[in-house]
Amino acid sequence: MNTASDNDHRLLIAVSFGTSFADTREKTIGAIERRLAERFPDCAVQRCFTSRMIRKKLLERDGLKIDSPEEALQIAQEKGIRELILQPLYLMHGFEHRRLMESVREAAPSFDRLAVGKPLLSEDADFCTMADAIRRNLPAPERDTAIVLMGHGNEKKAKHLSGDVRIEKASSGDIHDNVVFAVLQQTLRGAGADNYFVATVEGEPEISDILPLIKEKGFRKVILAPFMVVAGDHARNDLAGEGKDSWKNIFIRSGFEVETVLRGIGEWEEVQDLFAAHAAQCMQE
């Protein structure tokens, strides 16, 4: 990864929620950052995490200091960076992205140029790209197998999965909040991927929305996988954990044979490329 020096005047900051799991961190966040460094060799690339809890844990447990976005912006200002690009490694325009944009607005006057790339699922074409990536990276081995993707989601309510989704966009034209999961589901259906289902752990649609659909279609086996950049705490506990409310055990109690895949989508080349494309797009605007 390109590193910043005091003489650099152009910097790209990769902003993610973060994770305390070192193995998935370097396979996902680290891999995306390396792709950004490859795509923009004349631009230093730097990491920051938004989660205060994760930053605190990494510092106390591992002695690893990772800046917050506010700290990274302040350091860039002190180093005399004139052109600053932030690429959020978020799935969607949600709470984390809105909070980041507040910090960006406050810091913008300190730079000649401050640009922010879009999250992974923002424009219509992004959903087609990711629907294809899902089918390549998580192929269904048999006709009686359903692939169930766990997204994180926002608490803000969205349209339910059933029926057609009326795509709601912000003034920017981008798709926001939990609507992205319903749009992704609809895109998969449009591609003929009727054995792929999308739900969230902290938003809508919920597992209770898709479980009846999976039963109704007569699937025998379920493959559970995180639709999150990293395979962190939610993937290991809420999806594949031994607790009675984990998705794995909910499906087992419902009579399904269950397999879990603990691999964050940040490992997918398609995801790395799409984040790099969004960074390139914001640099050109």
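The values are calculated or read from the model by the stated rules, or taken from the named source; none is laboratory data. Note that the structure is a prediction, hence the values are computed from the model and not measured. Every residue, glycine as well, gets a Cβ built from its backbone with ideal geometry; the counts of neighbours run over all protein chains shown. We work out accessible area using only protein heavy atoms, side chains counted, and drop any ligands, DNA or RNA first. Shrake-Rupley method; radii C 1.70, N 1.55, O 1.52, S 1.80 Å.
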| said: If I ask for residues that are open to solvent by 40 Å² or more (accessible area, probe 1.4 Å), under 24 Å from H278 (Cα atoms) and touching a residue at least 60 places away in the same chain (Cβ under 8 Å), which ones from region 54-89 would you list? | reply: R82, E83
| field | Unmet criterion (only one of (1) at pLDDT below 95; (2) closer than 15 Å to A125 by Cα) for V201 | value | (2)
| said: Suppose we filter region 237-260 for residues that are open to solvent by 40 Å² or more (accessible area, probe 1.4 Å), in contact (Cβ under 8 Å) with a residue 24 or more places away in the chain and closer than 16 Å to G151 by Cβ; how many remain? | reply: 2
| remark: Per the list (1) surrounded by 14 or more Cβ atoms within 10 Å (Cβ to Cβ); (2) without any contact (Cβ under 8 Å) to a residue 60 or more places away in the chain; (3) in a helix (DSSP H, G or I), residue check on F127 breaks on (2)
| request: Could you check, for region 249-264, whether at least one of its residues is acidic (D, E), more than 19 Å from the chain's Cα centre (by Cα) and under 22 Å from A199 (Cα atoms)? | output: yes
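Touching a strand residue (DSSP E or B) at 6+ places or on another chain (Cβ under 7 Å), in a strand (DSSP E or B), open to solvent by less than 20 Å² (accessible area, probe 1.4 Å) and closer than 23 Å to G30 by Cα, is that true of Q46?
On the way: touching a strand residue (DSSP E or B) at 6+ places or on another chain (Cβ under 7 Å): yes; in a strand (DSSP E or B): yes; open to solvent by less than 20 Å² (accessible area, probe 1.4 Å): no; closer than 23 Å to G30 by Cα: yes.
Against the criterion (touching a strand residue (DSSP E or B) at 6+ places or on another chain (Cβ under 7 Å), in a strand (DSSP E or B), open to solvent by less than 20 Å² (accessible area, probe 1.4 Å) and closer than 23 Å to G30 by Cα), Q46 does not qualify.
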| request: Report yes if some residue within region 34-49 is over 19 Å from D273 (Cα atoms) and either in contact with a His (Cβ under 9 Å, 6 or more places away or on another chain) or at pLDDT 95 or above (or both); otherwise report no. | output: yes
| request: Give me the pairs, please: first residue somewhere in region 176-205 and closer than 17 Å to P139 by Cβ, second residue anywhere and open to solvent by 10 Å² or more (accessible area, probe 1.4 Å) and in a loop (DSSP other than H, G, I, E, B), beta-carbon distance under 6 Å, and either six or more positions apart or on two chains. | output: N195/A140
| query | Are any residues in region 93-116 in contact with a helix residue (DSSP H, G or I) (Cβ under 7 Å, 6 or more places away or on another chain), outside any helix (DSSP H, G or I) and open to solvent by 20 Å² or more (accessible area, probe 1.4 Å), and if so, which ones? | reply | L114, V116
| message | Give all pairs with beta carbons closer than 9 Å in which a residue from region 107-123 that is within 20 Å of I75 (Cβ to Cβ) meets a residue that is open to solvent by 20 Å² or more (accessible area, probe 1.4 Å) and in a loop (DSSP other than H, G, I, E, B); count only pairs at least 6 apart in sequence or on separate chains. | response | F111/R82; D112/H9; D112/R82; R113/R82; A115/E285
| remark: Considering region 262-285, residues that are open to solvent by less than 40 Å² (accessible area, probe 1.4 Å) and assigned to a loop (DSSP other than H, G, I, E, B), and then whichever is farthest from V45 (Cα to Cα), we arrive at G264
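I'm trying to understand the selection: among the residues of region 231-255, which are outside any helix (DSSP H, G or I) and farther than 21 Å from R135 by Cβ? If you could, list the steps in order and put the result at the bottom.
Going residue by residue through region 231-255, those that are outside any helix (DSSP H, G or I) are 231-232, 240-246, 254-255.
Within region 231-255, G232, A240, G241, E242, G243, K244, D245, S246, S254, G255 qualify.
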